[in-house]
Amino acid sequence: MRRPCETAGLGLVRRTSSAITATSGAEAIGDRSAAAGVSSTHPAQRFKELIGVTPKRLARTYRFTATVFAINPAGPVDWGDLAGGAGYFDHAHVGHGFRASTGLTPPRYVEVRRRFLCERPGHAPGGWTQFTTR
């Protein structure tokens, strides 16, 4: 119990990761660093050391995941609403996130996902519909 309390930067990592989780990745990491009174590189160093990824990488992962779960593959996709709801700045930001995570553009990702679901009916993980039927 004493060892985790003594780990330098653990509190900062916990607070930052909690904020990232609560905002599904829309948390501005630079703002969080400034509020904590540390340099912008300090949280990145602590994150890499303690959990293996930077806070920006964690935020991108949460943001991308929220976006994927918000897509209803059975209907049309309003990329503007989707981008705003997931914390992206604009359509280009969404495209960059998709290409970085999947290697595909957003429309191509949806096309592949629709084809997969058509070819494998009933393959969606349990509970998937709770995320896609908004």
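The values are calculated or read from the model by the stated rules, or taken from the named source; none is laboratory data. For clarity, every value in this text was computed on a predicted model and none was experimentally measured. Reconstructed Cβ throughout: ideal geometry from the backbone, glycine too, with neighbour counts over all protein chains shown. Each accessible area value is taken on the protein alone, full model and side chains, heavy atoms only, with ligands, DNA and RNA left out. Shrake-Rupley method; radii C 1.70, N 1.55, O 1.52, S 1.80 Å.
Among the residues of the range 34-62, how many are open to solvent by 30 Å² or more (accessible area, probe 1.4 Å) and within 19 Å of Phe98 (Cα to Cα)?
Number of matching residues: 8.
May I ask you to verify whether Val94 is in a loop (DSSP other than H, G, I, E, B) and in contact (Cβ under 8 Å) with a residue 12 or more places away in the chain?
Working: in a loop (DSSP other than H, G, I, E, B): no; in contact (Cβ under 8 Å) with a residue 12 or more places away in the chain: yes.
The answer is no for Val94.
Taking only pairs six or more apart or across chains, which ones have beta-carbon atoms under 7 Å, a first residue in the range 11-33 that is closer than 21 Å to Gly97 by Cα and assigned to a helix (DSSP H, G or I), and a second residue that is open to solvent by less than 50 Å² (accessible area, probe 1.4 Å) and acidic (Asp, Glu)?
Sorted first by the residue in the range 11-33, then by its partner, the pairs are Ala19/Glu27; Ile20/Glu27.
Phe69 versus (1) in contact (Cβ under 8 Å) with a residue 60 or more places away in the chain; (2) farther than 28 Å from Pro121 by Cα; (3) open to solvent by 40 Å² or more (accessible area, probe 1.4 Å); (4) not acidic (Asp, Glu): which is the lone unmet condition?
(2)
Name the single residue that is farthest from Lys48 (Cα to Cα) among those in the range 72-91 being assigned to a loop (DSSP other than H, G, I, E, B) and open to solvent by less than 70 Å² (accessible area, probe 1.4 Å). Explain how you work it out, then say what you get.
So in the range 72-91, the residues assigned to a loop (DSSP other than H, G, I, E, B) come out as 72-78, 87-90.
Adding the requirement that they be open to solvent by less than 70 Å² (accessible area, probe 1.4 Å) leaves 72-73, 75, 77, 87-88.
Numbers: Asn72: 34, Pro73: 35, Gly75: 39, Val77: 35, Gly87: 23, Tyr88: 24 Å.
Only one residue fits best here, namely Gly75.
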